[in-house]
Every structure is written in structure tokens, then in C-alpha cells.
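Written below as C-alpha cells is the structure these notes are about.
The values are calculated or read from the model by the stated rules, or taken from the named source; none is laboratory data. Computed from a predicted model, the values in this text were never measured in an experiment. Here Cβ is always computed from backbone atoms with ideal geometry, including for glycine, and neighbour counts include all displayed protein chains. With ligands, DNA and RNA removed, areas are computed over all heavy atoms of the protein, side chains included. Shrake-Rupley method; radii C 1.70, N 1.55, O 1.52, S 1.80 Å.
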Amino acid sequence: MAAIDFPVRIALLDDHPLFRQGLRYILQALPYVEAVDEAGEFPELLALCRQRLPDVLLLDLQMPGMDGPEVAKTLLAEFPGLKIIVLSMFSADKFITQMLKLGARSYLPKDADQDQLRQALEDVLTTGHHVTPRMSRALLRGAPAAPPAVPALSALVQLTPREEEILRLICEGRTAAEIADHLFISRRTVEGHRQNLLEKTHAPNSAGLVVYAVRHGLLDA
């Protein structure tokens, strides 16, 4: 389990009470979760955020009156530090890429299991993002093709061999823990390399690293 040594407040926005109740039950069992707030409509959620901003918002895409993209855009304009994880039955590339471009930190299907949700939550809380293989594929398919004259990525930003290796694994949707196990290094070392990659490439997040790698032909190497 990720080293989360601070109390976490989570908010849920979903118009199905039974789904919210089940999710609340799962989340309250996590040792670092201090409180779980529920809302069935956007005005109710906005009031909760203004009263006490949650660390993470679990957001459904299809909402009456105001859909997920509108909710995310409005909330992040007022609370830019809010971490949003989308939970949706919609899995088309266009929905995933739209929400990531708006600032969502991860995108999970509603049929994800408890371990997937926990891992996404812990990654978002500790590293800022959780990139799944499904998210990576959506970003790869949506990224513009690199022009033939684009130089190698290593020549552009002078990545070390280890950084290139970790970038490839990020593009496969591996978590920091999975990368650490695969390379026989610590998770802290992986997160240090990821931070170096973000700084060198000027990518805003892990999703941006995937797009950067595709645009510069690294994955075709």
C-alpha cells in the first residue's frame, strides 16, 4: 500500500444513491480516509467543496443538468488543486481524452474492482496521476503522428537510458509500484525519475508524457 500518512477527504458525485452508498462503504474501509462526502447533483457538490475542499473527487460523466466535462471544467476553474478521478460506464477514446485534457487525474470504468480503485486513489494522492493501459491506448490513438523529420527523443531532451526505460513503461500504463517491481528498484526511485521526465519534457502529467513519447516517435523505436 502507498505510504499515505495524512487524513484524506473524498467526495462522490453520482446521481445513483445505491452506487454512492456502495462506493462509500468501500472507501470508508481504507485506513487513511477521514471522510466521504456524497452529492447527487452539482449544486450540492459545489456547496460541499466551498465548505471544505476534498482531496479527491470521484466523478460520474453522465449527470442530469450538468455533465461530467462541465462539472470538471467549472470545479477546476475555482479549485485548480482538486484531484478528479472519473468513474464512468463510457469507455470511448473521446471521453477519456476529453477528461484528461480538462485536468482529470485518472479515468476508470465503473466495473473496476476494489483493488483497481484503491490503487488509482493511492497513485493520485501520492504521485498526482494514475495512468491505466486503457488511458494510454486512448492517448496513443488520439495523439498526432510525428513528422518524419522529428529527431530521436533522447536527442531532444537528453534522457538517460533508465529514464527512457521508465517512460516506455509509463506509456504501457504501468503504475509506479509495477515499474519498481519490474526494474528491481524502489518506488521512490521510480517517482524521482518520473519527476525528472516531467521537468525535462515539460509535460504536465503522466498522460502528457505518453503524448510526448508518441509525438516524438519513441514508442516506434
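Within region 187-200, residues that are within 15 Å of H129 (Cβ to Cβ) sit with their Cβ atoms under 9 Å from residues that are open to solvent by 30 Å² or more (accessible area, probe 1.4 Å) and aromatic (F, W, Y), at 6+ positions apart or across chains, in these pairs: L197/Y212. Tell me which residues, restricted to region 168-200, are open to solvent by less than 10 Å² (accessible area, probe 1.4 Å) and over 16 Å from the mean Cα position of the chain (by Cα). Those that are open to solvent by less than 10 Å² (accessible area, probe 1.4 Å) and over 16 Å from the mean Cα position of the chain (by Cα): I179, A180, V190, L197. Of the residues making up region 1-23, those that are part of a helix (DSSP H, G or I) and under 20 Å from the mean Cα position of the chain (by Cα) number 1. Screening region 162-221 for helices (runs of 4 or more DSSP H) wholly inside it with 2 or more residues that are farther than 15 Å from S136 by Cα and modelled with pLDDT under 90 returns the ranges 176-183, 187-201.
Taking into account only those residues within region 99-113 that are of a type in the set (A, V, I, L, M) and modelled with pLDDT of 90 or more, which is farthest from the chain's Cα centre (by Cα)?
As a first pass, look at region 99-113 and keep what is of a type in the set (A, V, I, L, M): 99-100, 102, 104, 108, 112.
Narrowing the set further to residues that are modelled with pLDDT of 90 or more leaves 99, 104, 108, 112.
Numbers: M99: 10, A104: 6, L108: 9, A112: 14 Å.
Looking at residues that are of a type in the set (A, V, I, L, M) and modelled with pLDDT of 90 or more, I get A112.
Just to be sure before I move on: is R20 closer than 24 Å to T127 by Cβ and among the basic types (K, R) in the structure I sent? Spelling it out, it is not the case that R20 is closer than 24 Å to T127 by Cβ and among the basic types (K, R). Only one of the listed residues (D115, D123) is open to solvent by 60 Å² or more (accessible area, probe 1.4 Å), out of contact with any Leu (no Cβ under 7 Å at 6 or more places or on another chain), closer than 28 Å to R194 by Cα and part of a helix (DSSP H, G or I). That residue is D115. Residues satisfying the criterion are present in region 82-103 (criterion: touching a helix residue (DSSP H, G or I) at 6+ places or on another chain (Cβ under 9 Å), among the hydroxyl-bearing types (S, T, Y) and within 22 Å of V211 (Cα to Cα)).
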